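K.L.:
This is the structure, below, for whatever I ask next.
The values are calculated or read from the model by the stated rules, or taken from the named source; none is laboratory data. None of these values were measured; they are calculated from a predicted model. Here the Cβ positions follow ideal geometry from the backbone for every residue, glycine too, while neighbour counts run over all protein chains shown. Heads up: the accessible areas ignore ligands, DNA and RNA and are worked out on the full protein's heavy atoms, side chains in. Shrake-Rupley method; radii C 1.70, N 1.55, O 1.52, S 1.80 Å.
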Amino acid sequence: QVQLVESGGGLVQAGGSLRLSCAASGRTFSRYAMGWFRQAPGKEREFVATIRGSGSTTYYANSVKGRFTISRDNAKNTVYLQMNSLKSEDTAVYYCAAAGTAVGVITQSEYHYWGQGTQVTVSS
């Protein structure tokens, strides 16, 4: 069982930056690929970024590529999402999730554990 707790959300102006953190419980953190997803009001939850268990490989949605960076610190059982050049369309609840594999995946059904979410609001 893995428990995930996100933090770092908030209100920011367009063009600004935020860094989200997700702390995981357990001693086998490096065995899990981690992902970030988001859900905007009235929309379905969508993939944002994923990182392999070792941290060696990352993959991003086209909408955030070049602006967001996912990283992880396995010694701290934490995954991060650095978000730069934020746009109003980035406004959403952001969720971190742990996959049932160490290989980065983008399909939500591959993720077995989910955090409670953190709100990111970008004002224009």
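K.L.:
Restricting to region 80-124, and then to whatever is touching an Asp or Glu at 6+ places or on another chain (Cβ under 8 Å) and among the polar types (S, T, N, Q), can you tell me which residue is nearest to residue 59 (Cα to Cα)?
P.N.:
It comes out as 101.
K.L.:
Residue by residue through region 73-83, note down the ones that are open to solvent by less than 20 Å² (accessible area, probe 1.4 Å) and either assigned to a helix (DSSP H, G or I) or hydroxyl-bearing (Ser, Thr, Tyr) (or both).
P.N.:
78
K.L.:
Of everything in region 77-100, what is within 8 Å of the chain's Cα centre (by Cα) and either more than 15 Å from residue 30 (Cβ to Cβ) or in contact (Cβ under 8 Å) with a residue 60 or more places away in the chain (or both)? Give them in sequence order.
P.N.:
80, 81, 94, 95, 96, 97
K.L.:
Continuing with the same structure: Considering each of 40, 23 in turn, give the residue that is at pLDDT 95 or above, buried (at least 16 other Cβ atoms within 10 Å of the Cβ) and either within 15 Å of the chain's Cα centre (by Cα) or not polar (S, T, N, Q) (or both).
P.N.:
The unique qualifying residue is 23.
K.L.:
For region 84-124, give me each residue that is within 19 Å of residue 69 (Cα to Cα), in a strand (DSSP E or B) and either open to solvent by 30 Å² or more (accessible area, probe 1.4 Å) or of a type outside the set (A, V, I, L, M) (or both).
P.N.:
93, 94, 95, 96, 118, 119, 121
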